[in-house]
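Below is one structure; the comments refer to it alone.
None of the figures in this text is laboratory data; all of them are computed from the coordinates on show. Model, not experiment: these values are computed from the prediction. FYI the Cβ positions are ideal-geometry reconstructions off the backbone, even for glycines, and counts take in every protein chain you see.
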Amino acid sequence: MKILAIESSCDETAAAVVEDGRKVLSNVVASQVEEHKIYGGVVPEIASRRHAEAISGVVEKALSDASLTLDGIDAVAVTYAPGLIGALLVGVNYAKSLAYSKKLPLIPVHHLRSHIAANYITHSELRPPFFCLVVSGGNTAMVEVRDYTDFRIIGRTRDDAAGEALDKAARTMGIPYPGGLNMDRLAKDGDSSAYKFPTPKVENSPYDFSFSGLKTSVINILHNAEQKGVEINKADLGASFQKAVSDCLCKNTLKAMEEFGYTTLAVAGGVSANSVLREALTQMCKAKGFKLYLPELSLCGDNAVMVGSQGYYEYLSGNTAGPELNAYAGKAIDE
Ligand code: KG4
């Protein structure tokens, strides 16, 4: 089954053709990063406009790269939640009109489910059940993937997502957007023990995360240094901050996996590209004898290949929609 998939939840306009959930026939991503850079973050209104301009060309290229026309497509999958509402609506409306005009099934795909599915493309042998740490710009959660379309949230962030905390800390440190990625690069040779961070704890919720305190610590470190006229070593501060974030993620993941009896871990979302986190999880899983699945770097960020993969399993579960499909800025993965 060949699925044309569309993604427009944030600042990438993407389309792909994926066969039977696992085989990539094409993968096109038009990034708006350069345009948002001058503002230090994604400007929702600009994102929506750029999606509207780019989407036809991106979809056409995805079809031509797969040597197909719409007549060779069996269904259209689209990210419908969560994300920037104006941005999501561009993809949803485009997918709806394609599906309606060609009488094709329309498959709504949850953004975080698709991030998890990026692992199905990278690792052909991976099948549920497994445990998943989802770490993206807008969400951080630990999820039991009981089956392809059956999820249970074990823990989540109570405030900032891990990516959001990295981006905001980077911005405070004067590291250009995209902050998480640039902090990772800058901190490669930094000393991760140079700056001390608190270990955040969420009262009575052993599996939940909180990253806003870490972010405030960065601000305090910078202010203190400024007042004392002390120079900050950005590589050291970035390395220390990334370690603090990574330690929280690893600690809760290990606790939950042991409590719930999982020995297979997958990681998903933009922050799964972070070199410190990848290394820490690799060491943790090695020490515990867990099997670890990390998405290939090119599929960590937003793309439509992952939408085509998850879309296939949603279709098999009967999750299709009609022209009344709407987009939602917020929606839990298990709704
Ligand atoms: O999953 P994603 O592409 O978008 C959402 O669905 O939210 O995640 C974007 C997030 C941003 O916060 C970005 O800074 C972060 O992923 N990110 C990274 C790295 N690459 C992207 N964070 C840390 N290290 C990286 N190498």
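Rounded to the nearest 5, the antiparallel percentage of DSSP beta bridges internal to the chain is 60%. Our estimate of slack between K255 and R185, defined as 0.36 nm per intervening residue step minus the Cα-Cα distance, is 22.3 nm.
Kirkwood radius for the stretch 49-148, taken over all pairs of different Cα atoms as the inverse mean of 1/r, rounds to 15.3 Å.
Each eigenvalue of the Cα gyration tensor of the stretch 197-335, multiplied by 5 and square-rooted, gives one semi-axis; in descending order these are 34, 21, 17 Å.
Karplus-derived 3J(HN,Hα) values for the stretch 31-41, using 6.51 cos²θ - 1.76 cosθ + 1.60 with θ = phi - 60°, are 8, 9, 3, 4, 5, 7, 3, 5, 9, x, x Hz; glycine and proline are entered as x.
Please list, in order along the stretch 152-166, the HN-Hα scalar couplings obtained from phi with the Karplus expression 6.51 cos²θ - 1.76 cosθ + 1.60 (θ = phi - 60°), rounded to whole Hz, x for Gly and Pro. Couplings: 9, 7, 9, x, 8, 6, 8, 9, 6, 6, 4, x, 5, 5, 5 Hz. For E45 and S97, the FRET efficiency from 1/(1 + (r/R0)^6), where r spans their Cβ atoms and R0 equals 25 Å, is about 0.65. Amide hydrogen proximity for R156: with H placed 1.01 Å from N in the peptide plane, the residues at 5 or more positions away or on another chain lying under 5 Å are M142, D208, F209. Here, the stretch 13-87 yields an orientationally averaged convex hull projection of 5.6 nm² when only Cα atoms define the hull. Relative to the longest principal axis of the Cα atoms of the chain, the long axis of helix 212-228 makes an angle of roughly 40 degrees. Across the chain, Cα pairs under 8 Å and at least six residues apart give a relative contact order of 26 percent.
Exposure proxy for K288, K331: other Cβ atoms within 10 Å of each Cβ, ordered fewest to most, give K288, K331. Seen against the Cα atoms of the chain and their longest principal axis, helix 44-65 is set at about 50 degrees. Residues whose amide H falls under 5 Å from that of L25, counting only those 5 or more places apart or on a different chain, are V17, V18, E19, with hydrogens built in the peptide plane. Counting only Cα atoms, the chain measures 66, 46, 32 Å along its principal axes, largest extent leading. The alpha-carbon positions of the stretch 6-52 define a convex hull whose volume is 73 Å³ per residue. Summing Cβ point charges (Lys, Arg +1; Asp, Glu -1) relative to the Cα centre of the stretch 127-299 gives a dipole of roughly 180 debye. Helix 275-288 and the longest principal axis of the Cα set of the chain meet at an angle near 90°. Phi angles across the stretch 102-118 convert, under the Karplus curve 6.51 cos²θ - 1.76 cosθ + 1.60 with θ = phi - 60°, into 3J(HN,Hα) values of 9, 6, 9, x, 10, 10, x, 10, 6, 4, 6, 4, 5, 4, 4, 5, 4 Hz, Gly and Pro given as x.
Here M183, M1 are placed in order of increasing Cβ neighbour count within 10 Å, fewest first, which gives M1, M183. Here's the list of lysines a cross-link from K286 could span, going by alpha-carbon distance under 27 Å and ignoring same-chain residues fewer than 8 apart: K188, K196, K201, K243, K251, K255. Which distance in Å, rounded to a whole number, links the C-alpha centroids of the stretch 259-335 and the stretch 1-48? Using only Cα atoms, the two centres lie 16 Å from each other. Result for the chain in a Gaussian network model with C-alpha springs under 10 Å: among E296, E279, E324, the largest mean-square fluctuation is at E324. Sorted fewest first by neighbouring Cβ atoms within 10 angstrom, I232, I6 come out as I232, I6.
As a calculated quantity, the FRET efficiency between A287 and R146 at R0 = 25 Å, using C-beta atoms, amounts to about 0.45. Taking amide H as placed 1.01 Å from N in the peptide plane, Y328 has its amide H under 5 Å from the amide H of A81, each at least 5 places away in sequence or on another chain. Treating the stretch 127-299 as a set of equal point scatterers at the Cα positions, no solvent, please give the Debye-formula log₁₀ I(q)/I(0) at q = 0.15, 0.18 Å⁻¹. Log10 I(q)/I(0), no solvent term: -0.80, -1.12.
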